[in-house]
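Presented below is the structure to which this report refers.
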Amino acid sequence: MTDTLVRFENVTKRFGDFTCLDNLNFEVKRGEKVTIIGPSGSGKSTVLRVLMTLEPINAGIVYVDGKPLWHEEKNGQLVPASEAHLREMRRNLGMVFQQFNLFPHMTVRRNLTEAPVRVLRMSRKEANERADELLEMVGLTDQADKFPPQLSGGQQQRVGIARALAMRPQVMLFDEPTSALDPELVGEVLKVIQRLAEEHDLTMLLVTHEMDFARRISDRVCFFDQGAIREEGTPEQIFTEPKNERTKAFLHAVLHPEA
């Protein structure tokens with residue numbers, strides 16, 4: 001079993017003439033909590049969307065748990081992945097989006113059980129038990145029979161976290177999970193994510209603008225700019241003694257906006 005769970009090898013992603021990921025080499029180890037920071041348009045969220053097979057790549061190879069994600073092996077050669085291969089690989093990944101993406105016509109509990117029953121072939125009984133455990137973990141046991149529109153934004157995002165966990169993913173991806181929330185609701189969602197990080201041996205990859213949170217939760221912080229990693233290190237090193245001038249300028253603008 002390899003220690004590296006996610007690996008980008010010379011990955012390029014373009015949107016028309018715009019290069020979003022530029023020959024990116026990047027990896028996340030098993031159990032590691034990695035936060036990606038950087039300006040808008042730097043390619044942060046694209047890394048997560050590529051992993052969730054929402055955006056195909058133009059060049060390079062992405063590996064998840066040692067297997068190519070966007071390719072599969074046929075007759076000793078790597079060829080573009082079939083839809084069946086992508087579906088199988090997706091099972092390893094859980095994503096929490098900026099917009100909650102819950103099914104509004106399903107109860108909270110049903111939002112959590114639908115995919116495990118249909119995709120993992122879990123029994124309805126087992127899926128319900130798992131859903132109740134997860135709702136307890138995110139502090140929403142009393143909301144199980146409500147529908148998403150009846151919940152606050154913070155509650156909906158906590159349901160989103162529980163729903164991603166219900167699939168038992170190897171890697172949890174968080175794409176700016178608090179950006180759509182009112183400021184007073186941000187804390188409750190960050191608290192749940194921090195508890196996940198501290199109490200569970202999950203591999204986590206986060207994109208966030210919450211710098212204090214990134215500092216608290218991360219084993220490693222990567223600063224992205226123009227589709228590449230310009231600097232990476234421990235939270236202490238990145239936030240206290242950044243070496244790259246672009247990192248310094250970004251952090252100064254974010255941490256001291258009034259200066």
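Brief remarks follow.
- Dipole size of the range 128-259 about its Cα centre, with +1 on Lys/Arg Cβ and -1 on Asp/Glu Cβ: approximately 300 debye, rounded to the nearest 20.
- Shown here: the range 161-216, whose C-alpha atoms stretch 30, 22, 17 Å along the first, second and third principal axes, sorted largest to smallest.
- Ratio of Rg to Rh for the range 60-127: 1.09 [Cα atoms; Kirkwood radius as inverse mean 1/r over pairs].
- Computed magnitude of the charge dipole of the chain (debye, nearest 20; Cβ of K, R +1, Cβ of D, E -1): 740 debye
- The residues of the chain expose, per residue, 48 Å² of accessible area to a 1.4 Å probe.
- Counting DSSP beta bridges with both ends in the chain, the antiparallel % (nearest 5): 60 percent
- Nearest-10 value in Å² for the accessible area of HIS200, using the 1.4 Å probe: 70 Å²
- With a threshold of 29 Å on the Cα-Cα distance, the over-threshold entries among LYS74/LYS125; LYS33/LYS146; LYS29/LYS248; LYS29/LYS243; LYS146/LYS191; LYS44/LYS248 are LYS74/LYS125; LYS33/LYS146.
- The mean sequence separation of alpha-carbon pairs under 8 Å and at least six residues apart, normalised by the residue count of the chain, gives a relative contact order of 24 percent.
- Adding -39500 (n - 2.57) for every DSSP H run of four residues or longer, then dividing by how many residues the chain holds, sets the calculated 222 nm ellipticity at -11000 deg cm²/dmol.
- Shown for the chain is the translational diffusion coefficient from the Stokes-Einstein equation, using the Kirkwood radius over Cα pairs, a temperature of 25 °C and a viscosity of 0.890 mPa s: 128 µm²/s.
- Net charge, ARG163 excluded, C-beta distance under 15 Å - Lys, Arg +1, Asp, Glu -1: +4
- Of the beta bridges in the range 121-259, as assigned by DSSP with both residues counted there, near 50 percent are antiparallel.
- Carbon and sulfur %, accessible surface of the range 24-113 computed with the full protein complex present, 1.4 Å: 47 percent
- Placing +1 on the Cβ of every Lys and Arg and -1 on the Cβ of every Asp and Glu, with nothing else charged, gives the range 14-61 a dipole about its Cα centre of roughly 220 debye.
- Listed residues MET122, ALA162, HIS209: farthest to the positive end of the dipole of the range 113-213 (Cβ charges): MET122
The values are calculated or read from the model by the stated rules, or taken from the named source; none is laboratory data. Just so you know, these numbers come straight off a predicted model, no measurement behind them. Backbone-built Cβ (ideal geometry, glycine too); neighbour counts: all protein chains shown. Calculation scope for accessible area: heavy atoms of the full protein, side chains included, ligands and nucleic acids excluded. Shrake-Rupley method; radii C 1.70, N 1.55, O 1.52, S 1.80 Å.
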